[in-house]
Amino acid sequence: MKLRLNQDPRRGDIPPDRPQYPWTVPFGVPSDQPAAPNMAPWLEERLFDQRIVMLNGPLTGPSATRTAAALLTLDALGSEVVRLHMSTPDGDLTAAFAVVDAIDAMRAPVHAVVTAQVGGAALAVLAAAERRLAYRHASIRICEPTAGPVVGTADEVAAAAGQYLRELEELAERIATVTGQPRSRVEDDLSAVRILTSAEAREYGLIDEIIGGAG
């Protein structure tokens, strides 16, 4: 029998009137489009029950809103650890700091788990976590976040560029703080682009613990 996406194999069909979780219809996403198209709703629900939040794909405004809402909801429900599973190679830096602000405001500790690759703007979210873990074959891409296109007057473009530079400086500062690396080295690495294995990321200071396997 083929399992339907709205069916939990242990609990059967999810009632249509069941309260939706924060990420079900994030701000900026039409209600007829799923927030996480590659994950069944019942699976997201079960992960949420285990205090696990998934952050997959490029970090955008809608995904940041969804993630921040889920984190803050779990924080309101209790003080136990919240695990943020990340597979986010890049994204929008402003969106990343929206998630960072949510993590900074939480009483419950957040443990970030790198499941595949994290890089660019998502490094800010990784650095904000109280504890940072990675799977053995995960990787960390140290690079400057991609700046999105800006449309507007010369003053608006200049303002957007100034905001990006301020956020980039804060990203470098946060990475330097959690890793103990000199800020000048972090800035050089962001400009040069470095891809680290989980073991190399642990040596660098971005990862506290490797999950699975030796080391």
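The values are calculated or read from the model by the stated rules, or taken from the named source; none is laboratory data. Predicted, not measured: the structure shown is a model, and the values here were computed from it. We place every Cβ from the backbone using ideal geometry, glycine too, and count neighbours over all the protein chains shown. The protein model used for the area step is the full one, side chains on, heavy atoms only, and it has no ligands, DNA or RNA in it. Shrake-Rupley method; radii C 1.70, N 1.55, O 1.52, S 1.80 Å.
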**Request:** Would you please list the contacts, defined by Cβ atoms under 7 Å and residues six or more apart or on different chains, that run from a residue in the stretch 97-108 that is within 11 Å of residue 130 (Cβ to Cβ) and in contact (Cβ under 8 Å) with a residue 12 or more places away in the chain to a residue that is outside any helix (DSSP H, G or I) and open to solvent by 10 Å² or more (accessible area, probe 1.4 Å)?
**Result:** 108/78; 108/79; 108/80; 108/81
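Determine, yes or no, whether residue 167 is under 18 Å from residue 96 (Cβ atoms) and open to solvent by less than 40 Å² (accessible area, probe 1.4 Å). Can you show your working first?
Details: under 18 Å from residue 96 (Cβ atoms): yes; open to solvent by less than 40 Å² (accessible area, probe 1.4 Å): yes.
Yes, satisfied.
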**Request:** Mind listing just one residue for me: the one in the stretch 113-141 that is free of Cβ contacts under 8 Å to residues at least 60 places away in the same chain and among the β-branched types (Val, Ile, Thr) and, of those, most open to solvent (accessible area, probe 1.4 Å)?
**Result:** 115
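Within the stretch 201-213, how many residues turn out to be open to solvent by 70 Å² or more (accessible area, probe 1.4 Å) and assigned to a strand (DSSP E or B)? Explain how you work it out, then say what you get.
Here is the first cut: in the stretch 201-213, the ones open to solvent by 70 Å² or more (accessible area, probe 1.4 Å) are 202-203, 209.
Add one more test, that the residue is assigned to a strand (DSSP E or B), and what stays is 209.
So the answer is 1.
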**Request:** Filter the stretch 171-200 down to the residues that are part of a helix (DSSP H, G or I) and charged (D, E, K, R), then identify the one that is nearest to the chain's Cα centre (by Cα).
**Result:** 174
**Message:** Let me spell it out: the conditions are (1) under 17 Å from residue 146 (Cα atoms); (2) open to solvent by 10 Å² or more (accessible area, probe 1.4 Å), and residue 85 meets all of them except one. Which number is the exception?
**Reply:** (1)
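Could you list all residues from the stretch 48-60 that are within 16 Å of residue 81 (Cα to Cα) and open to solvent by 40 Å² or more (accessible area, probe 1.4 Å)?
Let us first name the residues in the stretch 48-60 that are within 16 Å of residue 81 (Cα to Cα), namely 48-54.
Once the filter is applied, which keeps residues that are within 16 Å of residue 81 (Cα to Cα) and open to solvent by 40 Å² or more (accessible area, probe 1.4 Å), the stretch 48-60 yields 49, 50, 54.
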**Message:** For the stretch 183-198, give me each residue that is out of contact with any helix residue (DSSP H, G or I) (no Cβ under 7 Å at 6 or more places or on another chain) and open to solvent by 40 Å² or more (accessible area, probe 1.4 Å).
**Reply:** 184, 185, 188, 191, 192, 193, 194, 195, 197
**Request:** Would you check which residues across the stretch 88-112 are under 18 Å from residue 210 (Cβ atoms) and open to solvent by 10 Å² or more (accessible area, probe 1.4 Å) and list them?
**Result:** 111
**Residue list for the stretch 30-53, filter: at pLDDT 95 or above and in contact with a strand residue (DSSP E or B) (Cβ under 6 Å, 6 or more places away or on another chain)** = 51, 52, 53
**Fill in**
Checked 79, 63 against criteria (open to solvent by 20 Å² or more (accessible area, probe 1.4 Å) and either under 11 Å from the mean Cα position of the chain (by Cα) or on the phi < 0 side of the Ramachandran plot (or both)); the one match is 79
